[in-house]
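Participant: Quick one: this structure, given as structure tokens, is what I'll be asking you about.
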Amino acid sequence: MSDMDGLFGGLHRPVSRRELLRRAGRGSMYLGAMALLAACGVEAQRRQQGDRPEPLPDQPAGELVMANWPLYIDKGPTGSPTVKGFEEEFGVNMRYEVVINDNEEFFGTIREPLSAGQSTGWDIIVVTDWMIQKMNRLGYLERLHHEELSNFDANAAEKVQDPWYDPGNEHSIPWAAGITGIGYDVEAVGRDIVRFEDLFADDLAGRVGLFAEMRDTFGLALASMGIQEPDATVEDVEQAQQMLIAERGKVRGFYGNDYTDAMARGDLAAAMAWSGDIFALALDNPNLRFVIPEGGGMRWTDNMAIPVGAEHPLDAHLFMNFVYDPRIATNITKWVWYESPVAAVQEQIRQDVADKHETNVSCAPFCDDLAEDTFVFPTEETNAQTIPYKQLDEEEEQVWNDLFQQVVQG
Amino acid sequence: MAYLLLLPGGIWLLLFYVVPTISMLSVSLQEGSLEQGYRLTGNIGVYAEVLARNDTQIIRSILYGLITTVATLLIAYPLAYTIAFRGGRFKNALLFLIIMPFFVSFIIRTIQWKFVLADEGIVLGTLKEVGILGQGFHVLGENVAVLGGLIYNFLPFMALPLYVALEKMDKSLLDAADDLYSNRVVAFLRVTFPLSLPGVFAGSLLTFIPAVGDFINPEFLGSPETTMIGQVIQLEYLQNNDYPEAAALSFVLMAAILMGVFVYARLLGTEELTG
Amino acid sequence: MTRRGWVLPAYTTLVLLYLFLPIAVMILFGFNDIRGRFNFVWQGFTLRHWTGIWDTPELTDALKNSLLIASISTIVATSLGTMIALALTRYRFRGRGSTNLFIFLPLATPEIVLGASLLSLFVTANVSRGIGTILLAHIMFNISYVVVTVKARTQGFNREWEEAAKDLGATPWTAFRTVTLPLIFPGILAAAVLAFALSIDDYVITLFNAGATVTFPLWVAGASRFGVPPAVNVMGTLIFVVGVTLALLAVPLQRRRAAAPVAPPTGRVAG
């Protein structure tokens, strides 16, 4: 079958027609039924990543297409001021699309072109740290040209540099970070929630929710057992799984993004939650609280990366550098309410509050609260309560996924 | 002449359905992982494996599909009947109205349903206030919410073919039947209903087949206890990246459905229906 | 029909109300004067979301894409599907039975696998993803729905009428146009609205084959993190109002068609 791998594997750039014909000619020897099946099938994935990054073009193309998550950039009456500012300053026509709702779903839709080295249509994507690691493992991300990212080197907070999931930031730089903990309506619950197990109190049965994302739910369950995810063994995960299965009857469901509307409507009194969301929801319901449970909460980082085969890599670098300008990063953070990778943002927001800066509309009337929020700007103490994800290899990931599937699918 | 009529559509389906499906068949017989790559090993065992592992979800899906089909048939038949025989010049307009809610995205429909059915929402909240329901009562996350969603979303798939079949009936024939049997119910059972069987057949298949494989309704309205096979396939594909299992499971589902269609066609009994 | 009574019309009205319930909520929340970021609690009446209706170019583009794709895929799929339905009910030929069964296969294929395997095909053939590939996919899954719906009409269809027209000197095309087409037209119309709805509502298959193109459901999915944003409710309302208006405008046309010959008696009564 090795020649069949040659037919589809090992492609980086789109192949020329002649090359394709040559490979097809080689493949035609196998035109039996099995070969036909194989030819249609999923090809071998792994590609060898070069040591040097793909060279960038001399001139920007004037086009940029970016995929991001909902509510992740500042917003004005007619679109994002940041996007508009970038377009004006660099003469780039930028399409910013909100199409990522789930790391795995998004990965599913771009995997096939990536494995063939074809353009996915996106120049910049934003995915969570463990997905960066997975895509890197598969060689799906372009190496970044740090000489084009001077703002990153100058302004990035120390703790976002050289992260566990991407040593040396070779393939990614952070967009924003946050914490997975528990959100609850203090009036509906009637008390404060302090531990993960508090979700399973009998009087809350049917009014609590967990995440459908394996990494977060296992992470919190492990933490409640006193185990940090990076140290967890398969036996630990099995124990966490048993605990979750035992309590499953009290859980309304396993949620994705839609836990927010269930909380706002009052269907959920308490649920696993992401820090910035609860800040946003609390605008309308001041009874909502966010807490990092006693054993610890998960710390995640969403990162910008350039998928292989991207058509406008230089323009992508220009934008990635642009958002590391402290002024721009501040504007974004004031709307997004998640932690910025730029160190100077907290001070800048305090300054803006004093100056009554025009961008304060994004956070008004809570700009003061935002500037001092310990989840948006974690203190040493907050950081000590958070746990990174474990770096899983493919086999481990498979085992964890199988265990989790038994939890969510009855 | 028949082949000429079949040709354009046939070529389309050949290129964009049959070819990808053969590739899927190939995927189902491969082994490997994302990093190692996938090799065609002819691993037939995967079929028995997925069948054994997911029998609960498969049975549940078929059951939900059957309930949905029967419920939509009962709701849609009088609807289609009224539009066909009493609609007059509003026939087409009414037909259009039935399908209009489906021109706005399912996400909008689902979110609005959740608003209507929320624990403290306009329906349940009011009933709880009056004391008809207990405080802990809820609909979202239960069987009934998933079935409700399925029935709502597949109603037009049943109503439209029923209407199409009923509308073509010769009205004078039905009037004659009324005279002949004197009893309206008997007339309906002996004449109208048998004549509408092509619509019943088409409508129930357009409902049952996609409903069995549905994943949106259980995903948004259900809980672990309501997991359907469509969700398992989704999960195998997206989260586990186990493409061979996802493909094998799809073929198991397709085979089960196809057998069902065959039996159903024989049951309704006429060669005309399946050819 | 001479049958009278209020039960059936009342019932029909009730079912329509049930179908429109979420739509009513959608329309209402397009007027919600939201103060925070999300739109699922009623907070007061405003018209401001309507005045800025075209202010979100991405949403407008997504809607345009969806309308274009739905229109073209409806026309093509309805034509191709109707031809297949006619072939299957009016002719006897080798392979007719299996074709009849085969038509149900695309309906039975889980969406995600259908979407993913189609993407695989496009990648292998190095076809770049966009509106074109979405169209190819939508036409493909719509064909089966059209065939099944139109067949519900053509079944038991009496070819003798057409033959009679031919005997009277009509060309086959004239016979088809003046006799067959008016008889099966309600089936074609129903199939077309079904195809349009399926296309404009599709999420999974589009997601896989869209590349960086965004359609209405894709945009809505991305924007609905905190409830459906009012701009989407406004767009949804607009689609709805335009659709209902078109339907009502068609009413006078219907009167003219009502004068066309009624369907011939069907050949056989089952049971």
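Participant: What is the calculated FRET efficiency for A:Ile245 to A:Glu394, with r their C-beta to C-beta distance and R₀ = 22 Å, to the nearest 0.05?
Facilitator: So, using R0 = 22 Å, E works out to roughly 0.30.
Participant: Tell me, what is the FRET efficiency for C:Ser79 and C:Leu248 to the nearest 0.05, using R0 = 25 angstrom and their Cβ-Cβ distance as r?
Facilitator: 0.40
Participant: Normalised radius of gyration for the range C:1-156, please: alpha carbon Rg relative to 2.2 N^0.38 Å, two decimal places.
Facilitator: Cα Rg divided by the expected 2.2 N^0.38 Å: 1.49.
Participant: Once the other residues with Cβ under 12 Å from the Cβ of A:Gly295 are scored (Lys, Arg +1; Asp, Glu -1), what is the net sum?
Facilitator: With Lys, Arg at +1 and Asp, Glu at -1, the neighbours total -3.
Participant: Next up: Could you please report the charge total around C:Thr78, scoring K, R as +1 and D, E as -1 over all other residues with beta-carbon less than 15 angstrom from its beta-carbon?
Facilitator: +2
Participant: Also: Quick one: which of A:166-174, B:24-32, B:105-113 comes out on top by average Cβ neighbours within 10 Å, and what's the full order, highest first?
Facilitator: B:105-113, B:24-32, A:166-174
Participant: While we're here: As a test of understanding, state the convex hull volume per residue of chain A from its alpha carbons, in Å³.
Facilitator: With only Cα atoms used, chain A gives 159 Å³ per residue.
Participant: While we're here: Taking N as the number of residues in the range B:26-79, what value does Rg over Cα atoms divided by 2.2 N^0.38 Å take?
Facilitator: Computed over Cα atoms of the range B:26-79, the ratio equals 1.86.
Participant: Where does the range B:1-104 land on Rg(C-alpha)/(2.2 N^0.38 Å)?
Facilitator: For the range B:1-104, the normalised Cα radius of gyration is 1.74.
Participant: Determine Rg/Rh for the range A:125-169; Rg is computed over alpha-carbon atoms and Rh is the Kirkwood hydrodynamic estimate from the same atoms.
Facilitator: When Rh is taken as the Kirkwood radius, the ratio is 0.97.
Participant: Let me ask another. Using only Cα atoms, what Kirkwood radius does the range A:247-398 have, in angstroms?
Facilitator: 18.0 Å
Participant: Tell me the net charge near B:Glu142. Cut-off is 15 Å between Cβ atoms, B:Glu142 excluded, with +1 for each Lys or Arg and -1 for each Asp or Glu.
Facilitator: +2
Participant: How big is the shadow of the Cα convex hull of the range B:81-194, averaged over all directions, in nm²?
Facilitator: Seen from a random direction, the Cα hull of the range B:81-194 projects 10.3 nm² on average.
Participant: For an R0 of 60 angstrom, estimate the FRET efficiency from the Cβ-Cβ distance between B:Phe193 and B:Val18 and round to the nearest 0.05.
Facilitator: 0.95
Participant: Something else about it: Could you pull the Rg and Dmax for the protein assembly as shown, using just the Cα atoms, both in Å?
Facilitator: 29.0, 94
Participant: Across peptide C:70-83, what mean number of C-beta atoms from other chains lies inside 10 Å of a residue's C-beta?
Facilitator: The per-residue average across the peptide is 2.
Participant: Another one. Semi-axes of chain B's equivalent ellipsoid from the Cα gyration tensor, sqrt of 5 times each eigenvalue, largest first, rounded to whole Å?
Facilitator: Square roots of five times the eigenvalues give 37, 30, 17 Å.
Participant: Which residues make up the longest stretch of chain C that has no trypsin sites (Lys or Arg not before Pro) in a DSSP loop with at most 14 other Cβ atoms within 10 Å?
Facilitator: It runs C:95-267.
Participant: With label points built 7 Å along Cα→Cβ from the Cα atoms of B:Asp170 and A:Asp203, find their separation and express it in nm.
Facilitator: Placing both labels 7 Å along Cα→Cβ, they lie 7.3 nm apart.
Participant: To continue, here is another question. Considering the Cα positions of the range C:7-258, please state its Rg to one decimal place and its Dmax as a whole number of Å.
Facilitator: Computed over the Cα atoms of the range C:7-258, radius of gyration and Dmax are 21.9, 73 Å.
Participant: Then there is this: Could you work out how far apart the two model spin labels at A:Arg327 and A:Lys84 are, taking each label as a point 7 Å from the Cα in the direction of the beta carbon, and quote it in nm?
Facilitator: In this crude spin-label approximation the distance works out to 1.6 nm.
Participant: Now a separate question. Mind listing the Cα extents of the range C:106-222 along all three principal axes, in Å, largest one first?
Facilitator: 58, 29, 23
Just so you know, all these numbers are worked out from the coordinates, no wet-lab data involved. All of these numbers come straight from a predicted model, not from anything done at the bench. Because the Cβ atoms are built from the backbone with ideal geometry, glycine has one as well, and the counts that use them run over all protein chains shown.
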